[in-house]
1. Has segment 119-126 got at least one residue that is of a type outside the set (Val, Ile, Thr), out of contact with any Gly (no Cβ under 7 Å at 6 or more places or on another chain) and buried (at least 16 other Cβ atoms within 10 Å of the Cβ)?
2. Counting only residues that are under 23 Å from Gly92 (Cβ atoms), of a type in the set (A, V, I, L, M, F, W, C), assigned to a loop (DSSP other than H, G, I, E, B) and open to solvent by 20 Å² or more (accessible area, probe 1.4 Å), how many does segment 34-72 have?
3. Filter segment 20-33 down to the residues that are more than 13 Å from the chain's Cα centre (by Cα) and assigned to a strand (DSSP E or B) and list them by number.
4. Considering every residue within segment 88-101, establish whether at least one is over 13 Å from Thr73 (Cβ atoms), open to solvent by less than 20 Å² (accessible area, probe 1.4 Å) and touching a Lys or Arg at 6+ places or on another chain (Cβ under 7 Å).
5. So which residues in segment 57-91 are free of Cβ contacts under 8 Å to residues at least 24 places away in the same chain and within 29 Å of Pro38 (Cβ to Cβ)?
6. Which of the residues belonging to segment 107-151 are farther than 22 Å from Asp82 by Cβ and hydroxyl-bearing (Ser, Thr, Tyr)?
Amino acid sequence: MRTSAFIVFALFLAAGPVSASSWEEYAYLDQGVAIQFPAKPQAKKSTYDSIFAKGLPAMVYAAEDDHVLYRLTVIDLTNHPDMGANFLNEAGYALMREGDVLFTDFPRVYQDARSIYGVTLVVDRTDGSRVRSSLYYHKGRLYIADAVVLPARGDKDMSTPSRYDQTIRFPPDGRFD
């Protein structure tokens, strides 16, 4: 009896930590994007203000899990087709000004001629939160994928959860199959 209990316990330890959530991909065909969330995200219409334009139509998809707020903001820039890089850089610059930049990277989705490049920033904000934001401009839209690690209630503990990076796709042919 003790041997079988020990074996079960050993197998449990070997399996490693089990996530409280299972990540799933959510495809938003009308937004030209697919992204993973740890829970079903809530969707709401919003607006986005920039120094270049005010009240831009936007959609926000958000879910919270394990003290992390996951959010994808899709901003419609179809009326500003030549300004995509400016909008992306302005959003990145605004994020940098919110605190201390810990990390910068230039991610790529897909390879070769299909490549879509972006910028990722990790910032310790002055409000005690840490944000990892990946920004992309693609086909008339600015995509901002945020993972905001919220401080634990009552203190500034910034312990990092096991995962707070979302996987994002922009299918070149508009299909997700």
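The values are calculated or read from the model by the stated rules, or taken from the named source; none is laboratory data. In this text the structure is predicted, and so the values were computed from the model without any measurement. Heads up, the Cβs are rebuilt from the backbone with ideal geometry, glycines too, and the neighbour counts pull from every protein chain shown. All accessible areas refer to the heavy atoms of the entire protein, side chains included, with ligands and DNA or RNA removed. Shrake-Rupley method; radii C 1.70, N 1.55, O 1.52, S 1.80 Å.
1. no
2. Residues in segment 34-72 being under 23 Å from Gly92 (Cβ atoms), of a type in the set (A, V, I, L, M, F, W, C), assigned to a loop (DSSP other than H, G, I, E, B) and open to solvent by 20 Å² or more (accessible area, probe 1.4 Å): 2 in total.
3. Glu24, Ala27, Tyr28
4. No; the residues of segment 88-101 include none that is over 13 Å from Thr73 (Cβ atoms), open to solvent by less than 20 Å² (accessible area, probe 1.4 Å) and touching a Lys or Arg at 6+ places or on another chain (Cβ under 7 Å).
5. Across segment 57-91, the qualifying residues are Pro57, Ala58, Val60, Ala62.
6. Tyr110, Thr120, Thr126, Ser129, Ser133, Ser134
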